[in-house]
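Structure, as structure tokens:
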Amino acid sequence: MRIECPICGSRDRREFYYQGAAVAVARPAPDAGAEAWDDYVHLRDNPAGWHDELWHHEAGCGAWVVVTRNLTTHEIRDVQLAQSVKEASA
Amino acid sequence: MTVGMQMRFSALKILAEGLTGNKGWTAHWRDPQPKPEYDIVIIGGGGHGLSCAHYLAKEHGITNVAVLEKGYLGGGNVGRNTTIVRANYGLSGNSEFYSHSLKLWEGLEQDLNYNVMLSQRGIINLCHSDGQRDAFIRRGNAMVNQGDDAIFLTPDALQKMLPFLDYEQSRFPIFGGLYHPRGGTARHDAVAWGYARGASSRGVDLIQQCEVTGIDVSEGKVTGVQTTRGPIRAKKVAMMGAGRSSQLAEMAGMRLPVESHVLQAFVTEGLKPCIDHVISYGAGHFYISQSDKGGLVFGGDLDMYASYAARGNLPMVEHVAEAGMTLMPMIGKAKMLRSWGGIMDMSSDGSPIIDRTHIDGLHVSCGWCYGGFKAVPAGGHVMAHLLATGQHHPAAAKFRLDRFRSGRGIMDEEATGSQHNLH
Ligand SMILES: Cc1cc2nc3c(=O)[nH]c(=O)nc-3n(C[C@H](O)[C@H](O)[C@H](O)COP(=O)(O)OP(=O)(O)OC[C@H]3O[C@@H](n4cnc5c(N)ncnc54)[C@H](O)[C@@H]3O)c2cc1C
Ligand SMILES: [Zn+2]
């Protein structure tokens, strides 16, 4: 698997650390309540299809990126800087 | 109730069949049409679903039950795993459960009249630092307190048992090993088949090629399922889909604390007996045993990204091979024949969930991670108990769905609590 880092270009998957579903780009407010926080910390959609996920270009530029990847085929459709995704959704 | 003629297996029967051309063997289970309604529908004909069906029928006399399987029985993880059976957990919650499971394993062949080839050859987990040795001794004490067996082996003792390890690896010398003599392996397919036969012969309908596509809920109560072979009504439904649990939950409008990951395994060509135990490396991701056919069966860690592909990528193949060569250079002479992957339902604390849901009558068993094979006897047994009595079995009382929210996670085996991929 190769990931197209928006800063470094196409890199081997081994340069990246996988964090999980990209829930952190929409973190609940501190006072959002127990339900919202349980949801955020533990519950996952876990789809057998397209999935937005956070990867860290640990052995590269150090950027956090949101990778849109198909969990059944491993095909990658899109890679964005997490920063841009967060700003766009704000 | 026994449906049809149930053949009994015995040495005498094998001899008699051998002398008469093996013409008397019959199918091990029936192939029925689905009925319009059951008392209990189990989704998933893997180890857990079949085991649950067997104990429902045998221990609770509940036989108006169907197991719905989208593929064929035993085609999921129960037939893809590396077959290790053990009760070596450290935390209450897991300890009593896996202890219960190992005891069921020890009586399983008699219970099922089926040879599951349980081989209690012993498991040895190697350690490579002072800290790891302390942690292993503590775990061993926890195992002994639970009533199971654990012996700490010094490098001298180990060298007599496992002369082929590289003890002096410059980076990770071997400091000792935690030996669990009652652990071992079993023939995974036979476990699925044995439970299937046990359930079917008592009247449970095992329905293959039947994918559940919807879960019917009315006024907060489950009423049945939609399938590729038509709707089926049910008073109770148990979701036992392992790696596919999130898809099942979604049909009921639920999300689970689970992320599905791929785990790979490997097997070499058949060799003469050379590795007598199950051995795990403590300084890298590698574990190994030798199958009864002679192949070295080994594996390592998850590929470490979410996946439903049931196949892995090369970096983990490379890592596992490197770790194996570091620990036991002799395996470099063997040729790797095959590799495969399975979909693991990774829970966020690394421990399973066996519980009711907020929907009346709808139950869930999931979060089996990479260790749900050894749990097959107990996982089915306690789910049958919950379905039949409405009470949680004492051996599985802590595997609750709300434990994440309430902060009562069971973080054994190096899980982290909030991330689904760091086991
Ligand atoms: C490579 C590998 C090595 C492993 N090694 C070990 C080990 O050494 N020891 C150990 O204890 N564990 C091990 N495991 C883990 C273990 O195999 C699993 O945790 C366990 O088998 C899961 O439970 P199961 O047998 O019920 O799952 P499965 O056999 O996967 O059963 C689930 C079934 O549900 C069916 N299903 C899913 N969705 C639907 C639907 N919509 N409708 C109908 N049916 C459906 C599936 O087709 C499947 O047959 C390993 C796993 C892998 C992949
Ligand atoms: Zn980069």
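Descriptive notes on the structure:
- Shielding value for A:12-24 is 4, the average number of Cβ atoms from other chains within 10 Å of each residue's Cβ.
- Averaging the sequence gap over all C-alpha pairs within less than 8 Å and six or more residues apart, then dividing by the number of residues, gives segment B:194-234 a relative contact order of 26 percent.
- FRET efficiency for residue A:78 and residue B:218, using Cβ-Cβ distance with R0 set to 45 Å, rounded to 0.05: 0.65
- Here segment B:124-173 and segment B:376-408 have alpha carbon centers that stand 32 Å from each other.
- Residues listed by number, segment A:53-90, amide nitrogen under 18 Å from residue A:29 label point at 7 Å toward C-beta: A:89-90
- Average Cα contact separation per residue, segment A:2-89, under 8 Å, 6 or more apart, as relative contact order %: 29 percent
- Spin-label pair residue A:50-residue A:68: with each label point 7 Å from Cα along the Cα-Cβ axis, the two points sit 0.5 nm from one another.
- Size-normalised alpha-carbon gyration radius of segment B:50-120, reference 2.2 N^0.38 Å: 1.27
- Calculated FRET value between residue B:10 and residue B:272, using beta carbons and R₀ = 35 Å, to 0.05: 0.70
- An ellipsoid equivalent to the protein assembly as shown, defined through the eigenvalues of its Cα gyration tensor, has semi-axes of 35, 32, 22 Å when rounded to whole angstrom and sorted largest first.
- Per-residue shielding of B:258-268, expressed as the average number of other chain Cβ atoms within 10 Å of the residue Cβ, stands at 2.
- Karplus (6.51, -1.76, 1.60) ³J(HN,Hα), θ = phi - 60°, over segment B:293-298, in Hz, Gly and Pro reported as x: 7, x, x, 7, 9, 9
- log10 of Debye I(q)/I(0), alpha-carbon scatterers only, for segment B:227-302 at 0.11, 0.16, 0.27 Å⁻¹: -0.55, -0.76, -1.25
- Averaging Cα coordinates gives a centre for segment B:201-235 and one for segment B:270-310; these two points are 37 Å apart.
- Reciprocal mean inverse distance between Cα atoms of segment B:171-269 - Kirkwood radius, Å: 17.8 Å
- Applied to segment B:164-177, the Karplus parametrisation 6.51 cos²θ - 1.76 cosθ + 1.60 on θ = phi - 60° returns per-residue 3J(HN,Hα) values of 8, 7, 8, 6, 9, 3, 4, 8, 10, x, 8, 8, x, x Hz, with x for Gly and Pro.
- Computed extension length for residue B:166-residue B:318: 52.8 nm, one decimal, from 0.36 nm per residue of separation with the Cα-Cα distance subtracted.
- Counting only residues at least eight positions apart within a chain, or on another chain, the lysines with an alpha carbon under 25 Å from that of residue B:374 are B:58, B:70, B:103, B:293, B:398.
- Considering only GluC sites (Glu not before Pro) in DSSP loops that have at most 10 other Cβ atoms within 10 Å, the longest stretch of chain B without any of them is B:220-413.
- Between residue A:89 and residue B:311, the distance separating the two model label sites (each 7 Å from Cα on the Cα→Cβ line) works out to 3.2 nm.
- Theoretical FRET efficiency, 1/(1+(r/R0)^6), r = Cβ-Cβ of residue B:228 and residue B:33, R0 22 Å, to 0.05: 0.95
- Relative contact order (%) - criterion: Cα under 8 Å, at least six apart; region: chain B: 22 percent
- Between the Cα long axis of helix B:188-201 and the first principal axis of chain B there is an angle of about 20°, rounded to the nearest 10.
- Dimensionless Rg ratio for chain B, taking C-alpha atoms and the 2.2 N^0.38 Å reference: 0.98
- Mean projected area (nm²) of the alpha-carbon convex hull when segment A:2-89 is viewed from all directions: 6.0 nm²
- Shielding by partners - mean other protein chain Cβ count within 10 Å, residues of B:304-315: 6
- Restricting segment B:145-190 to trypsin sites (Lys or Arg not before Pro) that sit in a DSSP loop and have at most 15 other Cβ atoms within 10 Å of their own Cβ leaves B:171.
- Within segment B:3-56, trypsin sites (Lys or Arg not before Pro) in DSSP loop having at most 15 other beta-carbon neighbours inside 10 Å: B:8, B:23, B:30
Throughout, read-outs are computed from the coordinates displayed, never taken from laboratory work. Values in this document were obtained by computation on a predicted structure and should not be read as measured data. Note: ideal-geometry Cβ built from the backbone for every residue, glycine included; neighbour counts use all protein chains shown.
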